[in-house]
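Asks: Dumping the structure here so I can ask a few things about it.
The values are calculated or read from the model by the stated rules, or taken from the named source; none is laboratory data. What you are looking at is a predicted structure, and each value in this text was computed from that prediction instead of being measured. Here the Cβ positions follow ideal geometry from the backbone for every residue, glycine too, while neighbour counts run over all protein chains shown.
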């Protein structure tokens, strides 16, 4: 939606979200803040030869304060606030004014920022003591390698020899996978860093639904490509250039609705990669118009398997919703090798705020329920599960695997490692950190080599911490933790919440 009320000839009643505090004793008028801000917050007052700021335009990305050579700038929440009200917060008032000024949908980026319960924080990890001693990961082998894809139902021996026809699986060195971040939503530099980091780490990255840039196809052995409703960039070469193909049904930040990449972000390079005209909006319909039943899904799954000569696993990604266990059961029976579940704290470049804040389920509940349903039906071995949507640290990874995941998707954490400060204005295309933009001047702010090193460091750090936690539990392989909920205890949870998660209360 248009950002300024003046676009409609209306005077805005909204208070600025942030206050720009400039210390003129320290400010040397160098103009760094002017050059660094794409939102035109800072400007030169030529009449007084002084750099000034328009606080009402500030989005709180902190680029100017981080790069100010004299530390003269501080970005603070605006001390002027709306009157406190039990039912109507300042955010409600701001959003109503914005829609009254523009008549549009309130958009936002990144993940859910509401005070909804984060159930990772209500789960505690067990530790070994005497009878089941802990393991020292510095001196004893600790295995984080896992495989994504279907396992065999049984081993067949035919004519005295072992039947070696195995479903395709992908070994990854750590249970951490970079989630879908499409070209167009993020810059090419970001995707390059993700691809290179995945290759160095021995894991995977996901192109998202924006196609697979030709310059990145050398990293195909570490790449997941998506087939989404818009079918952007999808052709036979696209499918056969990757290690896994993922059918995107939904995502956690906006379950049940489609995607929209504004035409301003569809540059010449993005248009070639997505196979759409330059400058046109890229619209992904809410449904995939060839999928209206599990039978339809099965047809697409096997069409993709045929197209790839049955050499790569096919994943299906859904948002975490109340009937996810039943949907997952149907997906397995439709031939999916991997199920990706995205919880409602998942991030995105652009989502209607009302959808992000009110639709979907926490990944902890959906993951536990899906895993248990598949186990109850005796089909859990036929599929791997990747969980995403609010995975913030190594402890969250361990807890997700104990609840039933084979691996986790991380997206927002990866962007933060690159430089994102969660200003939530990804949809504007003006990202000051060069991440969620196609502006060449801004995109150059991401150095792919530095970004790659930061991503590699993050995942290596998490992997070391996972080994420490496994050792503390007396477990020497990540595979032994999967669905091992006896290693978790709930604290501050109701009996019903504990039942859904399948864990005992702390002290029990």
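Asks: Does residue 473 satisfy being buried (at least 16 other Cβ atoms within 10 Å of the Cβ), closer than 22 Å to residue 375 by Cβ and either assigned by TED's automatic domain parsing to the domain that holds residue 381 or free of Cβ contacts under 8 Å to residues at least 40 places away in the same chain (or both)? Let's see the steps before the verdict.
Replies: Values: buried (at least 16 other Cβ atoms within 10 Å of the Cβ): yes; closer than 22 Å to residue 375 by Cβ: yes; either assigned by TED's automatic domain parsing to the domain that holds residue 381 or free of Cβ contacts under 8 Å to residues at least 40 places away in the same chain (or both): yes.
Considered against the rule, which asks whether it is buried (at least 16 other Cβ atoms within 10 Å of the Cβ), closer than 22 Å to residue 375 by Cβ and either assigned by TED's automatic domain parsing to the domain that holds residue 381 or free of Cβ contacts under 8 Å to residues at least 40 places away in the same chain (or both), residue 473 comes out as yes.
Asks: From the list 327, 318, 363, which one is free of Cβ contacts under 8 Å to residues at least 12 places away in the same chain, more than 23 Å from residue 221 (Cα to Cα) and crowded, with 18+ Cβ neighbours inside 10 Å?
Replies: When all the criteria are applied, what remains is 327.
Asks: Related question: So, residue 208, is that one buried (at least 22 other Cβ atoms within 10 Å of the Cβ), outside any helix (DSSP H, G or I) and on the phi > 0 side of the Ramachandran plot or not?
Replies: yes
Asks: Among the candidates 190, 225, which residue alone is assigned to a strand (DSSP E or B), modelled with pLDDT of 95 or more, under 26 Å from residue 452 (Cβ atoms) and under 25 Å from the mean Cα position of the chain (by Cα)? Give the derivation first.
Replies: Numbers: 190 fails: assigned to a strand (DSSP E or B).
225 is the lone residue from the list that is assigned to a strand (DSSP E or B), modelled with pLDDT of 95 or more, under 26 Å from residue 452 (Cβ atoms) and under 25 Å from the mean Cα position of the chain (by Cα).
Yes or no, residue by residue, for (1) farther than 17 Å from residue 432 by Cα; (2) touching a helix residue (DSSP H, G or I) at 6+ places or on another chain (Cβ under 6 Å); (3) assigned to a loop (DSSP other than H, G, I, E, B):
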residue: 43; (1), (2), (3): no, no, no
residue: 66; (1), (2), (3): no, no, no
residue: 76; (1), (2), (3): yes, no, no
residue: 84; (1), (2), (3): yes, no, yes
residue: 88; (1), (2), (3): yes, no, yes
residue: 94; (1), (2), (3): yes, no, no
residue: 105; (1), (2), (3): yes, no, yes
residue: 127; (1), (2), (3): yes, yes, yes
residue: 134; (1), (2), (3): yes, yes, yes
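Asks: Here's a follow-up. Going by the conditions given, is residue 465 outside any loop (DSSP other than H, G, I, E, B) and either in contact with a helix residue (DSSP H, G or I) (Cβ under 6 Å, 6 or more places away or on another chain) or under 22 Å from residue 147 (Cβ atoms) (or both)?
Replies: yes
Asks: Tell me, which residue of the stretch 276-307 that is within 26 Å of the chain's Cα centre (by Cα) and touching a residue at least 60 places away in the same chain (Cβ under 8 Å) is farthest from residue 258 (Cα to Cα)?
Replies: Selected residue: 304.
Asks: On to the next question. Would you confirm, using the coordinates I've provided, whether residue 455 is more than 19 Å from the chain's Cα centre (by Cα), outside any loop (DSSP other than H, G, I, E, B) and at pLDDT 95 or above?
Replies: No, not satisfied.
Asks: Return yes when residue 356 is assigned to a helix (DSSP H, G or I), assigned by TED's automatic domain parsing to the domain that holds residue 407 and either surrounded by fewer than 19 Cβ atoms within 10 Å (Cβ to Cβ) or without any contact (Cβ under 8 Å) to a residue 24 or more places away in the chain (or both) and no when it is not.
Replies: No, not satisfied.
Asks: Taking residue 419 as the residue in question, decide whether it is at pLDDT 95 or above and surrounded by fewer than 22 Cβ atoms within 10 Å (Cβ to Cβ).
Replies: Considered against the rule, which asks whether it is at pLDDT 95 or above and surrounded by fewer than 22 Cβ atoms within 10 Å (Cβ to Cβ), residue 419 comes out as yes.
Asks: If only one of 264, 295 is in a helix (DSSP H, G or I) and either modelled with pLDDT under 95 or closer than 20 Å to residue 233 by Cα (or both), which one is it? Don't jump to the end; show me each part of the working.
Replies: Working: 295 fails: either modelled with pLDDT under 95 or closer than 20 Å to residue 233 by Cα (or both).
Result of the check over 264, 295: 264.
Asks: Right, another one. Please enumerate the residues belonging to the stretch 13-33 that are outside any loop (DSSP other than H, G, I, E, B) and either within 28 Å of residue 101 (Cα to Cα) or assigned by TED's automatic domain parsing to the domain that holds residue 432 (or both). Spell out how you get there, then give the answer.
Replies: We begin by selecting, within the stretch 13-33, every residue outside any loop (DSSP other than H, G, I, E, B); these are 18-22, 32-33.
Scanning the stretch 13-33 gives 18, 19, 20, 21.
Asks: Among (1) within 20 Å of the chain's Cα centre (by Cα); (2) part of a loop (DSSP other than H, G, I, E, B); (3) surrounded by fewer than 21 Cβ atoms within 10 Å (Cβ to Cβ), which single condition is residue 434 missing?
Replies: All conditions are met except number (3).
Asks: How many of the residues in the stretch 474-496 are in contact with a strand residue (DSSP E or B) (Cβ under 7 Å, 6 or more places away or on another chain) and in a helix (DSSP H, G or I)?
Replies: Total meeting the criteria: 3.
Asks: Now for a separate question. In this structure, does residue 387 turn out to be outside the structural domain of residue 32 (by TED's automatic domain parsing), in a helix (DSSP H, G or I) and without any contact (Cβ under 8 Å) to a residue 60 or more places away in the chain?
Replies: The answer is no for residue 387.
Asks: Okay, next question. Scan the stretch 32-48 residue by residue and report those that are within 23 Å of residue 109 (Cβ to Cβ) and surrounded by 13 or more Cβ atoms within 10 Å (Cβ to Cβ).
Replies: Within the stretch 32-48, 33, 36, 37, 38, 39, 41, 42 meet the criteria.
Asks: Oh, and also: Kindly indicate which of 51, 93 is modelled with pLDDT of 95 or more, more than 30 Å from residue 410 (Cα to Cα), outside the structural domain of residue 348 (by TED's automatic domain parsing) and crowded, with 16+ Cβ neighbours inside 10 Å.
Replies: 51
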